[in-house]
Amino acid sequence: MKNLLFCVFCLSLFSCTGHYDKVLPDPAPSVYFWRTVFRLDPAEMKFLRIHGVKKMYVRFFDVEPDGRQQPMPVGTIRFVTPVPKDIKVIPVVYVEHTCLQHVADLAEKIVKRVSTMAETNNLSINELQIDCDWTISTQKEYFDLLRKIRTMLAEKGTYLLSTTIRLHQLSAEKPPVDYGVLMCYNTGNLRDYQAGNSILSEKDVRPYLSQLRKYSLPLCVAYPVFDWKLLFERGQFRAILREADLSDPTLYRRKASHLYQVVRTHSLASPDPESFGLMLRVGDEVKVDEVTASDILHIQSLIEEERPEIHRQVVIYSLNSPDINKIKPYEMDQIYHR
């Protein structure tokens, strides 16, 4: 009888885990850091401490094509303050998909640059993450890049290689990495005036949920805490606004809960030093997309129905005082420790 019960237990365990019975390596509460200067303010340090964050996925640089369509590093991070000693740093490199035709030397350049940056900033690393919005048409090139990077990392010792997984990539072959971070943000089309919340919505996530159960790569999930303000002119997308103060009644009128209208023509500063700024004209509209703790918890419950083990590690995107302060500590604990 005992042997029979043991067999039943094993079968039930196998049926729950399915094809993805491999666990995520060393799961822990985590954050993304996606700025070009590494500097932590008191609120960010407190966030790391009270939520027991043990991993930071830090964007080191992007790879984008230059004027000759050659891949070049841009937006390299600069470390101004040290990373807390009890937190593991995982370098992240974003690769623009148009750079994937240069796989051979690109892999070598990425690994060498990441290693040099880590040594220069006294960072001990044993993992690298690559972020790329690859599609079926660029899958072969991207997977070749990952295999070459993995070979080079193996020559350095015991290294993990991970990648971001977008929802639409769940229907494709799994990439040759140790695990993936499922990006549950930017799920909709921000350029579509008629779209709902383009950062995170059940409507955009639900069609992909059935693919989670059979996806054979170990996964964790990243959830958003940011918002954005989207400028539209006659229903056509123009820009993401960085500095707009929508509370100024001399410039904006609230039309709906997440929609504002420009009532006085004015300009906003542009991050481009060559630009005179962005002109907002009377009648233009600003759509505000934001995510609440309730939104995240609801999506978490839907995902867990398909993949119960996936929240052993939750990653918050991203560590940034204005964003993390919008969610109460007890709500963040719920998100991290479902």
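The values are calculated or read from the model by the stated rules, or taken from the named source; none is laboratory data. Note that this is a predicted model, so its numbers are computed, not measured. Neighbour counts run over all protein chains shown; Cβ positions are idealised from the backbone, glycine included.
Observations, loosely collected:
- Within region 67-96, residues that are over 12 Å from MET117 (Cβ atoms) sit with their Cβ atoms under 6 Å from residues that are surrounded by fewer than 15 Cβ atoms within 10 Å (Cβ to Cβ), at 6+ positions apart or across chains, in these pairs: MET72/ASP66; GLY75/THR36; VAL80/VAL37; VAL80/ARG39; THR81/ARG39.
- Restricting TYR185, TYR142 to those that are touching a Cys at 6+ places or on another chain (Cβ under 7 Å) and buried (at least 19 other Cβ atoms within 10 Å of the Cβ) reduces the list to TYR142.
- When residues of region 295-338 are limited to those that are of a type in the set (S, T, N, Q) and touching a strand residue (DSSP E or B) at 6+ places or on another chain (Cβ under 9 Å), the one nearest to LEU209 (Cα to Cα): GLN300
- Matching residues, region 120-138, being crowded, with 16+ Cβ neighbours inside 10 Å and in a helix (DSSP H, G or I): THR138
- The set of residues in region 204-262 being of a type in the set (A, V, I, L, M), over 25 Å from TYR317 (Cβ atoms) and either within 19 Å of the chain's Cα centre (by Cα) or surrounded by 14 or more Cβ atoms within 10 Å (Cβ to Cβ) (or both) consists of LEU251, VAL262.
- All of ARG234, ARG191, ARG213 fail the test of being without any contact (Cβ under 8 Å) to a residue 60 or more places away in the chain and either within 30 Å of LYS55 (Cα to Cα) or outside the structural domain of ILE327 (by TED's automatic domain parsing) (or both), apart from ARG234.
- Within region 219-338, strands (runs of 3 or more DSSP E) holding 2 or more residues that are among the aromatic types (Phe, Trp, Tyr): 228-233
- In region 28-76, the residue that is nearest to THR164 (Cα to Cα) out of those that are touching a Lys or Arg at 6+ places or on another chain (Cβ under 8 Å), among the hydroxyl-bearing types (Ser, Thr, Tyr) and buried (at least 18 other Cβ atoms within 10 Å of the Cβ) is TYR32.
- Qualifying residue in region 111-119 (condition: under 20 Å from GLN313 (Cα atoms) and touching a Leu at 6+ places or on another chain (Cβ under 9 Å)): no
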